[in-house]
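Trainee: Before anything else, here's the structure in question.
The values are calculated or read from the model by the stated rules, or taken from the named source; none is laboratory data. All of these numbers come straight from a predicted model, not from anything done at the bench. In this analysis, Cβ positions are derived from the backbone assuming ideal geometry, glycine residues included, and neighbour counts consider all displayed protein chains.
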Amino acid sequence: MHPASPSLTGLDSNLRFDQPHILNGGWRTDVAAVTPWLAPIVWDATFDPALLDAMHKDRKVTVAVTVFAIGKYTQFLKDFLETAERHFFVGSTFNIRYYVFTDQPAEVPSIDMGAGRELVIRSVPGSNRWQEITAGRMKMIQALIETELRGHADYIFCFDVDAKFHGRWGTETLGELVAAIHPGYYATERTFPYERRPASKAYMAPEDGDYYYQAAVFGGELPYVHHLVSTCGHNFELDAQQGIEALWQDESHFNRYLWIHKPTKVLSPEYLWQDFHPRKPEIRIIRFSSVIKDYTKIRPNV
Ligand code: UDP
């Protein structure tokens, strides 16, 4: 594990890359590739993967991944992990540690992992309310960072399990605070499904909001993600003490947090698609996508 700073040794002077242009050439003109606060929005063809990987090659970046599989959601683990092994930070310069949180450790499939990659199982209680499971993740990620990750990982990414990787997910996604735009709301106006009750700590006024982020994926450097999950977990508890549960539980608090604390890198919906959406021309590649599922068959409650 190394501090999150640019490579001190620099690039190999023999490497050759295409010339970058600032007047249209080689850049996306059909989508916004930067936010109003100058964070990159990562789309295909806005970065050179070989150049980015070369810039990280001496750092041996360690990435922790959290994924929760509670109740019937263990059935998604095999595809999630197998496709992550094919697409997520593949290469000898990365260390990857998957943390699988489950109430059924025996159901965690055994997957062939590449060198420098390992899986750790964390036993957690089940629940008969899916709302409790999804929102409870924030506190568990907070505890993981505090007790195990500090000093041992550079970055953390937190994923929903009911999804698969289909394309490269690598160094282009690294940043201090990284969030992904919800594939269902990237082309809509500000009528996002934020929490609208002022009594909730997740409250967003009608004129507030940048994008609608989906909490199915987020990550970044440990101190930034720690502040995010501890704040969201705490605010969820404060709401509960008042008898309030935000409209989309952790995701509502997540959106409120990211309105106040802007992400330093935003992932386009290429990085968080949903299989049931028809493919759109601006989505040149789907890198990660949630599978179609029958909620009545897999969730513990409806
Ligand atoms: N989850 C789980 N067991 C459940 C419900 C949820 O393990 O019974 C976890 C799982 O990682 C899942 C995530 O919480 O991917 C988000 O829940 P879900 O996919 O149901 O939410 P959606 O994004 O579909 O609203």
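Trainee: Residues in the range 101-111: is at least one within 23 Å of residue 226 (Cβ to Cβ) and in contact with a helix residue (DSSP H, G or I) (Cβ under 7 Å, 6 or more places away or on another chain)?
Mentor: Yes, that holds for at least one residue.
Trainee: Looking at the range 71-96, I want the residues that are more than 18 Å from residue 299 (Cα to Cα) and have a partner that is of a type in the set (S, T, N, Q) and not in a helix (DSSP H, G or I) with Cβ atoms under 8 Å, at least 6 apart or on another chain. Which pairs are those?
Mentor: Hits for this filter: 94/62; 95/62; 96/62.
Trainee: Given the range 42-141, what strands (runs of 3 or more DSSP E) lie entirely inside it while holding 1 or more residues that are within 12 Å of the ligand (Cβ to nearest atom)?
Mentor: Result: 61-69, 94-102.
Trainee: Something else: Restricting to the range 242-274, what's the tally of residues that are surrounded by fewer than 23 Cβ atoms within 10 Å (Cβ to Cβ), in contact with a Ser or Thr (Cβ under 7 Å, 6 or more places away or on another chain) and among the small types (Gly, Ala, Ser)?
Mentor: The number of residues fulfilling the criteria is 0.
Trainee: If residue 162 satisfies all but one of (1) charged (D, E, K, R); (2) more than 16 Å from the ligand (Cβ to nearest atom); (3) surrounded by 18 or more Cβ atoms within 10 Å (Cβ to Cβ), what's the number of the condition it fails?
Mentor: (2) is the only condition that residue 162 fails.
Trainee: Any idea which of 288, 276, 254, 236 is of a type in the set (Phe, Trp, Tyr) and free of Cβ contacts under 8 Å to residues at least 24 places away in the same chain?
Mentor: 276
Trainee: Sticking with this structure for a sec: Taking residue 239, is it at pLDDT 95 or above, surrounded by 20 or more Cβ atoms within 10 Å (Cβ to Cβ) and charged (D, E, K, R)?
Mentor: Considered against the rule, which asks whether it is at pLDDT 95 or above, surrounded by 20 or more Cβ atoms within 10 Å (Cβ to Cβ) and charged (D, E, K, R), residue 239 comes out as yes.
Trainee: On to the next question. Given the criterion of a type in the set (Ser, Thr, Tyr), touching a strand residue (DSSP E or B) at 6+ places or on another chain (Cβ under 8 Å) and modelled with pLDDT under 95, identify the matching residue among 102, 93, 62.
Mentor: 93
Trainee: Taking interchain pairs and intrachain pairs at least six residues apart, which have beta carbon atoms under 7 angstrom, with the first residue in the range 133-160 and within 11 Å of residue 250 (Cβ to Cβ) and in contact (Cβ under 8 Å) with a residue 40 or more places away in the chain and the second among the acidic types (Asp, Glu) and within 14 Å of the ligand (Cβ to nearest atom)?
Mentor: Once the first residue is within 11 Å of residue 250 (Cβ to Cβ) and in contact (Cβ under 8 Å) with a residue 40 or more places away in the chain and sits in the range 133-160, its partners that are among the acidic types (Asp, Glu) and within 14 Å of the ligand (Cβ to nearest atom) give 134/250; 135/250; 137/250; 138/250.
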